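See below for the structure under consideration.
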There are 2 protein chains.
Amino acid sequence: MADLTLTTFDWVPEMPRGFVRDLRVRWALEEAALPYRVASVPFDDRGPAHLAHQPFGQVPWLTDGDLSIFESGAILLHLGERSDKLMPSDPRGRVEATKWVFAALNSVEMASLPWAMLKFMGKADDTPAWKFLDGFLEVRLKHLELVLARREWLAGSFSVADILMSDVLRPVDRFDGLTEHPACRDYVARAIARPAFAKAHADQMAHFASADKARGIS
Amino acid sequence: MADLTLTTFDWVPEMPRGFVRDLRVRWALEEAALPYRVASVPFDDRGPAHLAHQPFGQVPWLTDGDLSIFESGAILLHLGERSDKLMPSDPRGRVEATKWVFAALNSVEMASLPWAMLKFMGKADDTPAWKFLDGFLEVRLKHLELVLARREWLAGSFSVADILMSDVLRPVDRFDGLTEHPACRDYVARAIARPAFAKAHADQMAHFASADKARGIS
C-alpha cells in the first residue's frame with residue numbers, strides 16, 4: 001500500500017463543518033482501516049498549486065503514491081478496489097456498488113445539493129425556480145424511499161455507495177427534508193451510527209477547531 | 001463479449017429529442033464499435049418492471065449478459081473497461097478518465113442540469129433561487145474553461161469522460177450559456193464533430209421519429 005494523503009481546507013466557517021466532503025474519504029479510510037495522513041490547503045487562497053490537484057478549487061483530493069485523485073466519487077471507487085470492506089470484490093458486486101455510487105451523486109445529489117444550499121442561504125422561497133428544485137428532489141426521494149424500504153444497504157452489503165448516499169442525504173435531513181421519507185431517514189441514522197462515521201466526523205470537527213485556535217478564534 | 005442491449009423510452013416529446021441520455025451510451029458503443037441492440041420501455045407507464053432496472057424511473061439502462069446497469073456514468077465506466085477507445089487500459093490513465101467522469105456528472109452537471117431545465121421551462125427569472133443556480137454554473141464553467149483552454153481532451157486522449165462532459169455541456173450551449181467560455185464551446189464542437197456522435201444522434205432521432213409514426217403522429 002502506497003502512502004495515502006488526504007488534502008482538505010485548513011479552515012472553513014462554522015456552518016459547513018461536519019459536511020465538508022473530506023468526511024466521505026475519512027469515513028471510507030476508517031471503514032477499511034487504511035492508514036493515511038491529512039494535509040491542508042488555504043481556504044482563503046486557492047492558487048495554481050491547488051487547481052493542479054482539484055481544478056474546481058474545491059476539496060478533497062487524495063494522493064496515493066504519485067497518483068492524485070479528485071472528486072469524492074472517484075476517490076471512493078479507487079479506495080473500493082483496495083478493500084472488500086468498501087466494495088465487493090466480485091465483478092457483479094462491483095457493478096452493483098458502482099451504479100449506486102453514481103445514483104447518489106448524479107440522481108440524488110444533483111437535486112439535493114442546490115436544494116440544501118438554498119435552504120442554508122434562506123433563499124428557499126415561493127418562486128418558480130425554488131418550486132422546481134423542491135419538486136425535483138421530491139421525485140428522487142420518492143423513488144429512493146421505495147428502494148430503502150426493502151433493503152439495509154444499497155448494494156447487498158455496506159459499501160462506498162452507502163457512504164456517498166447517506167452523506168448526500170444528511171444535508172437534506174438537516175433541513176427536515178426527510179420527514180415524509182422514513183426509510184431514507186432511518187437509512188441515514190443507520191449509516192451514521194457506524195463507528196467509522198463517528199471517528200471521521202470527530203476528526204473533521206477537530207481539524208477545523210484547531211484552525212480556529214491558530215487564527216486566534218476561541 | 002456478451003450480448004449488449006440498451007433500453008430507452010419508446011417515445012419522448014419533441015423537446016428532449018437528441019438529448020435523452022441513451023445518446024451517451026449509443027455514442028460510447030459506436031466509438032468502440034461494439035455490437036448492441038436497442039429495446040424500448042413505455043414513456044407513459046413506468047411500472048415495477050421498469051423500476052427493477054432503473055429505480056428512478058429514468059432511462060437508459062444497459063444489460064450485458066445477465067448484468068443490468070443504470071446511470072450513464074456507471075454504464076460508460078463499464079464499457080470503458082471493454083475498449084481502449086473509451087478509456088486508457090493502464091491504471092494511471094483509468095484514474096485520470098474516472099475522475100473526469102465524476103467531474104462531468106457531479107461538479108458540472110449538478111449545476112448545469114437544473115440551469116438548463118429552468119431555461120427550458122421559461123423559469124429562468126430574477127429570483128434568488130435562479131440567481132444562485134446561474135452563479136453556481138458560472139463558477140464551474142470558469143474553472144472548466146481554464147482546463148479546456150490547455151487540452152484537447154480531458155484525460156490525455158479521447159475517453160468516456162469526454163462523452164459525458166461534452167454531453168453535459170450541450171444543453172448549456174443550446175441556451176447560449178457558453179458564449180463567454182470559448183474553450184468550452186470549442187470543446188463541445190470538437191466532440192460532436194466525431195462520426196460516432198453523429199451516428200448516435202441520428203439513431204436516437206430516428207428511434208423517436210418511428211414512434212411518432214406508430215402513434216399516428218405525422
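Read-outs throughout are calculated quantities, based only on the coordinates presented, and are distinct from any laboratory measurement. Everything numeric in this text was worked out from a predicted model, so none of it was measured. For neighbour counting, all protein chains shown are included, and Cβ atoms are generated from backbone atoms with ideal geometry for every residue, glycine included.
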*Rank A:Thr127, A:Leu144, A:Thr5 by how far each Cα sits towards the positive end of the charge dipole of chain A (+1 on Lys, Arg Cβ; -1 on Asp, Glu Cβ) and give me just the farthest.*
A:Leu144
*Of the cross-linked pairs A:Lys99/B:Lys131; A:Lys85/A:Lys142; A:Lys119/B:Lys119, which ones have a Cα-Cα span greater than 27 Å in the structure shown?*
A:Lys99/B:Lys131; A:Lys85/A:Lys142
*How big is the Rg/Rh ratio for segment B:97-218, C-alpha atoms only, Rh by Kirkwood, two decimals?*
1.03
*Can you list the lysines whose alpha carbon sits under 27 Å from that of B:Lys213, skipping same-chain ones fewer than 8 residues off?*
B:Lys199
*In nm², what is the average projected area of the convex hull enclosing the Cα atoms of the protein assembly as shown?*
20.9
*Mind sorting A:Thr5, B:Thr179, A:Thr63 by how few other Cβ atoms lie within 10 Å of their own Cβ, fewest first?*
B:Thr179, A:Thr5, A:Thr63
*Sequence of B:Asp176, B:Asp167 once ranked by neighbouring C-beta atoms within 10 Å, starting from the fewest*: B:Asp176, B:Asp167
_Can you tell me what share of the DSSP beta bridges in the protein assembly as shown is antiparallel? A percent to the nearest 5 is fine._
65
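Among B:Leu146, B:Leu34, which comes first, then next, by fewest other beta-carbon atoms within 10 Å?
Details: B:Leu146 13, B:Leu34 16.
The fewest-first ordering by Cβ neighbours comes to B:Leu146, B:Leu34.
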*Sorted from shortest, what are the nm distances separating the label point of B:Val38 from equivalent points in the other copies, each placed 7 Å from Cα along Cα to C-beta?*
5.0
*Given H placed 1.01 Å from N in the peptide plane, which residues other than close sequence neighbours of B:Trp11 have an amide H under 5 Å from its amide H?*
B:Phe43
*Just tell me how shielded B:107-117 is by partners: mean number of partner chain Cβ atoms within 10 Å of each residue's Cβ, no decimals.*
4
*For chain A, what are the DSSP H helices with axial Cα length of 24 Å or more and mean Kyte-Doolittle hydropathy of at least -1.0?*
A:128-148, A:195-214
_7 Å along Cα→Cβ for the label point: how many nanometres lie between B:Gly57 and each equivalent label in the other copies, listed shortest first?_
3.9
*Computed over chain B, Kirkwood Rh from alpha-carbon pairs, angstrom*: 18.1
*Ignoring the sites themselves, what is the longest stretch of chain B with no trypsin sites (Lys or Arg not before Pro) in a DSSP loop and at most 11 other beta-carbon atoms within 10 Å?*
B:1-149
_Relative contact order [Cα under 8 Å, 6+ residues apart], segment B:91-194, whole percent_ = 37
*Output the relative contact order of chain B, whole-number percent, from Cα pairs under 8 angstrom with separation of 6+ residues.*
25
_With +1 on the Cβ of every Lys and Arg and -1 on the Cβ of every Asp and Glu, and nothing else charged, how large is the dipole of segment A:100-218 about its Cα centre, in debye rounded to the nearest 20?_
260
*Hey, what D do you get for segment B:1-103 in µm²/s if you plug the Kirkwood alpha-carbon radius into Stokes-Einstein at 20 °C and 1.002 mPa s?*
149
